[in-house]
1. Restricting attention to the range 79-93, report how many residues are without any contact (Cβ under 8 Å) to a residue 12 or more places away in the chain and either among the acidic types (Asp, Glu) or assigned to a strand (DSSP E or B) (or both).
2. Filter the range 148-166 down to the residues that are loosely packed, with under 15 Cβ neighbours inside 10 Å, within 15 Å of the chain's Cα centre (by Cα) and either closer than 17 Å to Asn71 by Cα or β-branched (Val, Ile, Thr) (or both) and list them by number.
3. Answer with yes or no whether Leu31 is hydrophobic (A, V, I, L, M, F, W, C), touching a His at 6+ places or on another chain (Cβ under 7 Å), assigned to a strand (DSSP E or B) and over 16 Å from His153 (Cβ atoms).
4. Please determine, by comparing only the residues of the range 102-124 that are part of a loop (DSSP other than H, G, I, E, B) and hydroxyl-bearing (Ser, Thr, Tyr), which one is surrounded by the most Cβ atoms within 10 Å (Cβ to Cβ).
5. Give just the number: which of (1) at pLDDT below 95; (2) assigned to a loop (DSSP other than H, G, I, E, B); (3) of a type in the set (Ser, Thr, Tyr) does Ser4 not satisfy?
6. State all residues of the range 125-147 that are surrounded by fewer than 18 Cβ atoms within 10 Å (Cβ to Cβ), assigned to a loop (DSSP other than H, G, I, E, B) and at negative phi; if no residue qualifies, say none.
7. For the range 60-75, give me each residue that is out of contact with any His (no Cβ under 9 Å at 6 or more places or on another chain) and within 12 Å of Leu140 (Cβ to Cβ).
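The values are calculated or read from the model by the stated rules, or taken from the named source; none is laboratory data. In this text the structure is predicted, and so the values were computed from the model without any measurement. We place every Cβ from the backbone using ideal geometry, glycine too, and count neighbours over all the protein chains shown.
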Amino acid sequence: MKYSNTIFLVGLLASVGLFGQQTHQTDGISLTYTVADERLVCELKAETSGWVGVGFNTENSIVGSDLLLFNIIKGKASSLDLFVKSAGNPLPDEALGGKHTIELLNAEEKNSTTKVKFSIPLSSEDPFDFKHELGKRFWLILAYSVADDFKHHSRVRRHIPVTLKP
């Protein structure tokens, strides 16, 4: 009985966010994150077999955002670490003199749902990466496409005001 009470308590604490897990969702896409060891550990999931993406910006705009895109083709996951210089002009951080800072942890495409788990630094030395600060408001951009080709436009893109919680 003691064991099941402990499991119940852990589940309850996790569900109310006392272990630092936060979830934001809209229109068939969600991002769940925790902060661990100076990194943001994320799970991005969408009702699509195409690419999924998340962006971070201080403004309610795609321009100037740190944009991370993921796809899974024939069971192999890949990611792009981009900075959006202007509308319709996302460029890889490496092309701008930055670096690819995404650590892909796991990926799965099943039953028309794409799910990726990854981590990024809260603050990197890359000037094209968003600096994540606890307690500070920013714009979270969630997007997905029906195609795996990263050049294919998003089917859904939503901007959500968020405050990063520990």
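1. 2
2. Ile160, Thr163
3. On the way: hydrophobic (A, V, I, L, M, F, W, C): yes; touching a His at 6+ places or on another chain (Cβ under 7 Å): yes; assigned to a strand (DSSP E or B): yes; over 16 Å from His153 (Cβ atoms): yes.
Answer is yes for this residue.
4. Step one: list which residues in the range 102-124 are part of a loop (DSSP other than H, G, I, E, B), which gives 102, 111-112, 122-124.
Those left that are additionally hydroxyl-bearing (Ser, Thr, Tyr): 112, 123-124.
Numbers: Ser112: 11, Ser123: 13, Ser124: 20.
Of everything passing the filter in the range 102-124, Ser124 is surrounded by the most Cβ atoms within 10 Å (Cβ to Cβ).
5. (2)
6. Initially, the range 125-147 is screened for residues surrounded by fewer than 18 Cβ atoms within 10 Å (Cβ to Cβ), giving 125, 127, 131, 133-137, 146-147.
If we keep only those that are assigned to a loop (DSSP other than H, G, I, E, B) too, we end up with 125, 127, 131, 133-136, 146-147.
Once the filter is applied, which keeps residues that are surrounded by fewer than 18 Cβ atoms within 10 Å (Cβ to Cβ), assigned to a loop (DSSP other than H, G, I, E, B) and at negative phi, the range 125-147 yields Glu125, Pro127, Lys131, Glu133, Leu134, Lys136, Val146, Ala147.
7. Let us first name the residues in the range 60-75 that are out of contact with any His (no Cβ under 9 Å at 6 or more places or on another chain), namely 63-75.
Passing the criteria: Ser65, Asp66, Leu67, Leu68.
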